[in-house]
Amino acid sequence: MFIEYKNCIYCKSKNLTIEKDQSYLENFYVKAIKSDLNLSSDNLKKIKIHKCNRCNILQNSPWFNADTSLKIYSNIYGQHNRNWTNLINFMEKQLKPNHGFLFNILTKNIKVKNYAEFNSPFMGLFINFFENEYKKNKSFYKNFSKNILNYLSARQTAGKSKNFQKTSPKKAKKYLKQINNFKNKKTKKQIFIQDGN
Ligand SMILES: [Zn+2]
């Protein structure tokens with residue numbers, strides 16, 4: 001289930017040192033992993049944080065092997081709670097994840113034409129770019145997200161009643177049209193979102 005990493009995962013340097021702070025936090029994800037993989041806290045505490053002295057990246061070793069990682073990302077908690085919470089917090093309360101001054105520094109120094117977050121969207125600066133592009137009011141964000149969720153729900157027909165399946169294409173079309181109306185304008189920049197599900 002676990003494999004040891006002797007070299008830096010990014011630059012392949014062998015020059016890794018163990019970090020002083022190895023605090024162990026049992027959050028929502030850790031609890032799900034423990035339960036589904038039958039692991040104890042002691043098993044997980046064997047995972048240590050190492051720092052690469054060449055590129056400064058922090059990394060865990062030992063870490064889950066490829067098969068187990070895939071299981072964790074796609075099954076154990078495929079629907080990433082934290083990133084969807086980020087999106088909902090913004091759409092409902094205009095709260096953004098705290099990235100310090102990163103967005104300001106980045107956009108001041110680099111002209112970003114395209115921005116994408118794959119597999120775990122809304123964890124990075126996506127919401128900042130979105131807000132910058134759609135400087136709208138509270139009701140805009142609320143209605144926009146309501147239609148997006150309605151559209152996505154209308155497309156989830158597996159196991160639903162015959163009537164639901166029959167009416168869902170029409171509903172999906174209606175919500176998608178509303179989403180497009182909300183956008184108002186053709187955007188110059190392209191934004192991509194993709195979730196692992
Ligand atoms: Zn490195």
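Can you find, within region 134-149, the residue that is farthest from residue 95 (Cα to Cα) among those that are open to solvent by less than 50 Å² (accessible area, probe 1.4 Å) and under 20 Å from the mean Cα position of the chain (by Cα)?
Taking region 134-149 and keeping what is open to solvent by less than 50 Å² (accessible area, probe 1.4 Å), we get 134, 140-141, 144-145, 147.
Still in the list and also under 20 Å from the mean Cα position of the chain (by Cα): 141, 144-145.
On the way: 141: 12, 144: 16, 145: 14 Å.
Among residues in region 134-149 that are open to solvent by less than 50 Å² (accessible area, probe 1.4 Å) and under 20 Å from the mean Cα position of the chain (by Cα), the one farthest from residue 95 (Cα to Cα) is 144.
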Checking residue 24 against (1) under 24 Å from residue 135 (Cα atoms); (2) not assigned by TED's automatic domain parsing to the domain that holds residue 134, which test does it fail? (1)
Are any of the residues in region 88-96 open to solvent by less than 60 Å² (accessible area, probe 1.4 Å), among the hydrophobic types (A, V, I, L, M, F, W, C) and not assigned by TED's automatic domain parsing to the domain that holds residue 148? no
Search region 39-71 for residues being open to solvent by less than 40 Å² (accessible area, probe 1.4 Å) and in contact with a helix residue (DSSP H, G or I) (Cβ under 8 Å, 6 or more places away or on another chain), and hand back the single one that is nearest to residue 14 (Cα to Cα). 64
Could you say whether any residue in region 48-55 is of a type outside the set (D, E, K, R), out of contact with any strand residue (DSSP E or B) (no Cβ under 8 Å at 6 or more places or on another chain) and under 30 Å from residue 138 (Cβ atoms)? no
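The values are calculated or read from the model by the stated rules, or taken from the named source; none is laboratory data. As the structure is a prediction and not an experimental result, all values here were calculated from the model. Note that we place each Cβ from the backbone using ideal geometry, even for glycine, and neighbour counts take in every protein chain shown. Just the protein is used for accessible areas: all its heavy atoms, side chains included, with ligands, DNA and RNA removed. Shrake-Rupley method; radii C 1.70, N 1.55, O 1.52, S 1.80 Å.
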